[in-house]
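Engineer: The structure is given below, and queries will be raised subsequently.
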């Protein structure tokens, strides 16, 4: 897996942090912003694509990448929030499942959305390894994502099928609420504890 090329769509806080973490881990990475040609070039070049854009931008990205993601692992890092910062979907579907419907030949995996960007380049909060939950229907794609998360420094946990993105997206929203709305700040993170 170490030789796989990683294309990141989105060069904001999340995309930039993941790019730093993956480059530090020795991965070949291209991170691009909104430029349509750059997006197509990065996706064509990449073996694994990370989607780190606002939820409202997904349809534009889908239109740009089309068949270019066919057969590739597509990691959905987005938070499925609407313009009012509320959950946009839930219960009967998720943003990740809707993305899979729009790009049926990609191997969509939901991951990284439950942690703040500030921790995405190291996978850590202080001395603690944070947990990245990985949900998807394709075992090889989940293996790609688990390996990338561990390379950054996270503990990667298999969170089951892509339908479990219905649980991960609200969990990411809870983290946002705790950090920004309830005033705990971004120096918090989620970790699965085993007894």
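What follows draws every value from the coordinates through simple rules; no lab data is involved. Please read all numbers here as calculations on a predicted model, not as lab measurements. All Cβ positions, even for glycine, are placed from backbone atoms using ideal geometry, and neighbour counts span all protein chains on display.
Engineer: Applying the selection to the range 172-190, what residues are surrounded by fewer than 14 Cβ atoms within 10 Å (Cβ to Cβ) and in contact (Cβ under 8 Å) with a residue 24 or more places away in the chain?
Structural biologist: Scanning the range 172-190 gives a single hit, 187.
Engineer: Still on this model: Scan the range 139-148 and tell me whether some residue there is over 17 Å from residue 123 (Cβ atoms), surrounded by fewer than 17 Cβ atoms within 10 Å (Cβ to Cβ) and touching a strand residue (DSSP E or B) at 6+ places or on another chain (Cβ under 8 Å).
Structural biologist: Checked the range 139-148: at least one residue is over 17 Å from residue 123 (Cβ atoms), surrounded by fewer than 17 Cβ atoms within 10 Å (Cβ to Cβ) and touching a strand residue (DSSP E or B) at 6+ places or on another chain (Cβ under 8 Å).
Engineer: Conditions first: (1) free of Cβ contacts under 8 Å to residues at least 12 places away in the same chain; (2) under 24 Å from residue 131 (Cα atoms). Residue 104 passes all but one, so which condition is the exception?
Structural biologist: Here residue 104 meets the rest and fails (2).
Engineer: Out of the residues in the range 4-39 that are touching a strand residue (DSSP E or B) at 6+ places or on another chain (Cβ under 8 Å) and in a loop (DSSP other than H, G, I, E, B), which is nearest to residue 145 (Cα to Cα)? Walk me through it before giving the result.
Structural biologist: First, pick out the residues of the range 4-39 that are touching a strand residue (DSSP E or B) at 6+ places or on another chain (Cβ under 8 Å): 4-11, 15-16, 18-19, 22-23, 27-32, 38-39.
From what's left, in a loop (DSSP other than H, G, I, E, B): 4, 10-11, 27.
Numbers: 4: 11, 10: 18, 11: 19, 27: 13 Å.
Restricting to residues being touching a strand residue (DSSP E or B) at 6+ places or on another chain (Cβ under 8 Å) and in a loop (DSSP other than H, G, I, E, B), the top hit is 4.
Engineer: Right, another one. Looking at the range 1-24, which of its residues are under 17 Å from the mean Cα position of the chain (by Cα) and closer than 20 Å to residue 124 by Cα?
Structural biologist: Across the range 1-24, the qualifying residues are 12, 13, 14, 15, 16, 17, 18, 19, 20, 21, 22, 23.
Engineer: Quick one: in the range 75-91, of everything that is farther than 14 Å from residue 172 by Cα and touching a residue at least 40 places away in the same chain (Cβ under 8 Å), which residue is farthest from the chain's Cα centre (by Cα)? It would help to see each step written out before you state the result.
Structural biologist: Residues of the range 75-91 that are farther than 14 Å from residue 172 by Cα, as a first pass: 75, 83-84, 91.
Then keep just the ones that are touching a residue at least 40 places away in the same chain (Cβ under 8 Å); that gives 75, 91.
Details: 75: 5, 91: 20 Å.
That would be 91.
Engineer: Right, something else. Could you pull out the residue among 187, 118 that is in a loop (DSSP other than H, G, I, E, B) and under 22 Å from residue 21 (Cβ atoms)?
Structural biologist: Details: 118 fails: in a loop (DSSP other than H, G, I, E, B).
Being in a loop (DSSP other than H, G, I, E, B) and under 22 Å from residue 21 (Cβ atoms) holds for just one of 187, 118, which is 187.
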